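The values are calculated or read from the model by the stated rules, or taken from the named source; none is laboratory data. Note that the coordinates shown come from a computational prediction; the quantities given were computed from them, not determined experimentally. In this analysis, Cβ positions are derived from the backbone assuming ideal geometry, glycine residues included, and neighbour counts consider all displayed protein chains. Quick note on the areas: whole protein, heavy atoms, side chains included, nothing else; ligands and nucleic acids left out. Shrake-Rupley method; radii C 1.70, N 1.55, O 1.52, S 1.80 Å.
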Amino acid sequence: MQTLRTLKALHREGLLSADPPLGPRLAEAADAMAIAITPEMLGLIDRTDPADPIARQFVPSVAETEIAADELSDPIGDEARSPVKGIVHRYPDRVLLKPLHVCPVYCRFCFRREKVGPGGEALSAAELDAAIAYIEARPEIWEVILTGGDPLMLAPRRMAKLIAALDAIDHVGVIRIHSRVPIVDPSRVTDEFLAALKPQRAALWFAVHCNHARELSVAARAALARLADAGIPLMGQTVLLAGVNDAVETLEALMRALVRCRVKPYYLHHPDLVRGTGHFRVSIERGQALMKALRGRLSGLAQPTYVLDVPGGHGKVPIGPGYLGDDPDALLVEDAFGGRHRYPR
Ligand SMILES: *Cc1c(COP(=O)(O)O)cnc(C)c1O
Ligand code: SF4
């Protein structure tokens, strides 16, 4: 079984519900962003459920051709912050390093949907050297975040070389990897790959992108266990998505499932203003209400921080909910169950 990459293949698998299934608008959606659904993800899709949360993330929809006026082609302003190819430097102490643009799956809501894809070329050896030289020349860079595309699409030998090159830069204290591979293509997490993720000096952290408890298949859980057993600290990042996980029970189940896999929920991302993703967007008020509900239900260990990447390249900020009300003489603190309490200023 191979990764599905065409509308025809999706149609053959009975995954297209549009009528007609192969009409021009769906073709337009597929032209705007590559398709990829791995066997692992295909196996999780319930074809009898037209609202299946796994299918919704990966199967193109005609809704993607509806571009709203406030949607942006570079929703978080990466381009203005890219001093050399492959680097995004927005915060003084850390940079993104994007060695390649390919992913094992293509998520229809992706905030880099106009950058990722099989056509998007990887950095050449010379470009990667230039990106590493940029980091080397700036002692203020303490953390390097490997993202992409998905950095685990690199061959293990190339990953080992990249980690070694970053590890050789004394001021780099932390190498962080953001990946969806352990979930969507867990067979790539081999012993050879684990060996590549072993810097001698720097600390390596690993953030896994997971949006629904059902994504944590037996194989995905085993891949996460291999990473954790290799001594790699794991964090979770989730995108809040309408029709996928915008219900408190769904988020609760996901956060518990992540913690059971030794993954600490890190961020719940408010969906970015990506072109053609209005059907995935949830209001900030709704996101805050969901976070409030989670606070009352879940251990602190399982709480992510709800963040917005401020459009225009201004970075990420926590967006609540807040628990402090205003009063001239005292603070009003709301507890996790909705009760209000005065606290002296
Ligand atoms: C998200 C992001 C980071 C990492 O932010 P954290 O809050 O440290 O996780 C760093 N640089 C850029 C450009 C980013 O978009
Ligand atoms: S794996 Fe990440 S970078 Fe790739 S399409 Fe999905 S969200 Fe975008």
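Solvent exposure of the chain, expressed per residue, is 45 Å² of accessible area, with all protein chains present and a 1.4 angstrom probe. The value of relative contact order for the chain, using C-alpha pairs under 8 Å at least six residues apart, is 16 percent. With K and R counted +1 and D and E -1, the other residues having a Cβ less than 14 Å from that of M1 yield a net charge of -1. As a rough guide to protection, the peptides 262-275, 26-39 ranked by mean Cβ packing within 10 Å, highest first, stand as 262-275, 26-39. Solvent-accessible area of D74, all protein chains in place: 40 Å² (probe radius 1.4 Å, heavy atoms, ligands and nucleic acids excluded). In the structure shown, do any of K8/K98; K264/K292; K115/K264; K98/K198; K292/K316; K98/K292 have a Cα-Cα gap over 25 Å, and if so which? From the list (K8/K98; K264/K292; K115/K264; K98/K198; K292/K316; K98/K292), the Cα-Cα distance tops 25 Å for K8/K98; K115/K264; K98/K292.
Work out, step by step, the length gained on full extension between D167 and A195: first 0.36 nm times the residue separation, then minus their alpha carbon distance; give nm to one decimal. Numbers along the way, then the final one.
On the way: separation 28, 0.36 × 28 = 10.08 nm, distance 1.42 nm.
Result: 8.7 nm gained on full extension.
Which semi-axes, in whole Å and largest first, does the equivalent ellipsoid of the chain have when worked out from the alpha carbon gyration tensor as the square roots of 5 times its eigenvalues?
30, 28, 21
Rounded, prolate or oblate: which fits region 1-65 when a ≥ b ≥ c are the square roots of the eigenvalues of the alpha-carbon gyration tensor, with rounded for a/c under 1.5 and prolate only if a/b beats b/c? It is prolate, given that a/c is not under 1.5 and a/b is the larger ratio.
What's the local net charge at D309, with K and R +1, D and E -1, over the other residues with C-beta under 9 Å away?
On the way: positive: K316; negative: D272.
Around D309, the charge tally is 0.
Output the DSSP H helices from the chain with an along-axis C-alpha extent of no less than 15 Å and a mean Kyte-Doolittle hydropathy no less than 0.0. Show your work: numbers first, answer last.
Working: long enough: 125-136 (16 Å, 0.83); 156-167 (16 Å, 0.12); 218-229 (16 Å, 0.84); 248-260 (18 Å, 0.66); 284-297 (20 Å, -0.54).
Once both thresholds are applied, what remains is 125-136, 156-167, 218-229, 248-260.
Using Cβ point charges alone (K and R +1, D and E -1), the dipole size of the chain about the Cα centre works out to roughly 760 debye.
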